[in-house]
Amino acid sequence: MRRSRCQINVEDVGKIFSKNSATGTMEVEVLRDVNMYVWPGEMVCLLGPSGCGKTTLINILAGFEKTTRGKIFLDGSEVSGPGPDRGVVFQEDALFPWFNAWQNIAYGLRQKRVPRKEIERRVKMFIDMIGLQGFSHYFPDQLSGGMKQRVALARVLAISPTILLMDEPFAALDYQTRKSMHELLLDLWQNLQQTILFVTHDVEEALLLAGRIYIMSARPGTILQEIPIPFPWPRTQDILTETEFVSYKKSIFNLLKAQCVASHAL
């Protein structure tokens, strides 16, 4: 059975939010019959138009939200709430402004009561891995946007989650900084063999990072198509101009554009 072999298994998930208004309670269906899976050590991108429910699905996977119907299984066990097996990286870095980079990365380890020497070893290791040597004592307001996201990523990875959930973590960064973050993430993924589900609305980003892409429809979000990405690893920015990459990008963009038109987003 696939559930026992997959790291993430989403089965017939639906989500309805209830909103109160002057005229009564209104129900908004955000997700409908979502089915998808992620293998151990795989990087998968969830790609869809704005408002299609991508973040809601990430929040359900993280245990922050409950499904209205359907179930989610992680390593064969049903999700019932947040857990240390999952780390979440948001679009906003969510760093503690009163902690420096070192202290922010160490925070989760201290909460888990990891021995001091091990904390020091792991924090130094990730400071080196994310390329912030010499900046460990800088506070968030002294760091650039890309540096802050590097610290946020290291803080999550330091606690060794088996699954990394990333909700458009590079969307607010400028183009050049996003490209450097893509290279960093690919290096970290290949070194750590992390299972990653990455949410984005950027077609180029998804094609560069993912082994497979799930395309979501306009709201209520459902899986329209699963697309295996054939480009070999390791990948670099050079792939962006290759003919096959451009062809995939155009095809997926047209699919998403149709969804935007259907939802009156354009």
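Tell me, in nm to one decimal, what length is gained between Ser160 and Asn191 on full extension, where the rule is 0.36 nm per residue of separation less the Cα-Cα distance?
9.9 nm
With a point put 7 Å past each Cα toward its Cβ, work out how far Asn254 is from Glu226 in nm, to one decimal.
About 2.4 nm separates the two model spin labels.
On a full-extension model of 0.36 nm per residue, what is the gain between Arg110 and Trp39, subtracting their alpha-carbon distance, rounded to one decimal in nm? Numbers along the way, then the final one.
On the way: separation 71, 0.36 × 71 = 25.56 nm, distance 3.03 nm.
Extra length from Arg110 to Trp39 when fully extended: 22.5 nm.
Ratio of alpha-carbon Rg to the 2.2 N^0.38 Å globular estimate for region 129-266, to two decimals, please.
Taking N as the residue count of region 129-266, the ratio is 1.15.
Per residue of the chain, what 222 nm ellipticity follows from adding -39500 (n - 2.57) for every DSSP H run with n ≥ 4, rounded to the nearest 500?
The per-residue figure over the chain is -11000 deg cm²/dmol.
At 1.4 Å probe size, with no ligands or nucleic acids counted, give the accessible surface of Leu209 in Å², nearest ten.
Rounded to the nearest 10, the figure is 0 Å².
What does the convex hull of the alpha-carbon atoms of region 206-266 project to on average, in nm²?
Over all viewing directions, region 206-266 projects a mean Cα-hull area of 4.4 nm².
Work the Kirkwood hydrodynamic radius out for region 6-81: mean of 1/r over every pair of different alpha-carbon atoms, inverted, in Å.
Its Kirkwood hydrodynamic radius stands at 13.3 Å.
Given H placed on each backbone N at 1.01 Å, which residues far from Ile16 in sequence or on other chains put an amide H within less than 5 Å of it?
Under 5 Å from the amide H of Ile16 lie the amide H atoms of Val30, Thr68, each far enough along the sequence or on another chain.
Please list the equivalent ellipsoid semi-axes of the chain, computed as the square roots of five times the alpha-carbon gyration tensor eigenvalues, in descending order and whole angstrom.
Square roots of five times the eigenvalues give 30, 23, 19 Å.
Would you rank His201, His182 by solvent-accessible area, highest first, keeping every protein chain in place and using a 1.4 Å probe?
Solvent-accessible surface, decreasing: His201, His182.
Lysine pairs in region 113-266 8 or more apart or on different chains: how many have alpha carbons under 27 angstrom apart?
8
Could you give the Stokes-Einstein D for region 60-215 in µm² per second, using the C-alpha Kirkwood radius, 4 °C, 1.567 mPa s?
Calculated translational D: 79 µm²/s.
Between the helical axis of 145-157 and the dominant principal axis of the chain, each derived from Cα atoms, what acute angle in degrees is found, rounded to the nearest 10?
Between the helix axis and the principal axis of the chain, the angle is about 90 degrees.
Normalised by the empirical 2.2 N^0.38 Å for globular proteins, what value does the Cα Rg of region 104-153 take?
Expressed relative to 2.2 N^0.38 Å, the Cα Rg reads 1.12.
Residue by residue, what Karplus-based ³J(HN,Hα) values in Hz, rounded to whole numbers, does region 211-228 have, using 6.51, -1.76 and 1.60 with θ = phi - 60° and x for Gly and Pro?
Values per residue, Gly and Pro as x: x, 9, 10, 9, 8, 9, 7, 5, 4, x, x, 9, 7, 7, 7, 10, 10, x Hz.
By the scheme Lys and Arg +1, Asp and Glu -1, what is the net charge of all other residues having a beta-carbon under 12 Å from that of Ile127?
+3
Just to check, using Stokes-Einstein with a Kirkwood Rh over alpha carbon pairs, what's the diffusion coefficient of region 1-140 at 20 °C and 1.002 mPa s in µm²/s?
Approximately 119 µm²/s, per Stokes-Einstein.
Hey, what angle do you get for helix 116-129 against the long axis of the chain, alpha-carbon based, 0 to 90 degrees rounded to 10?
70
The values are calculated or read from the model by the stated rules, or taken from the named source; none is laboratory data. Here the structure is a predicted model, which means the values were calculated and not measured. All Cβ positions, glycine included, derive from the backbone under ideal geometry; neighbour counts span all protein chains shown. Please note that ligands, DNA and RNA were not included when accessible areas were found on the heavy atoms of the full protein model with its side chains. Shrake-Rupley method; radii C 1.70, N 1.55, O 1.52, S 1.80 Å.
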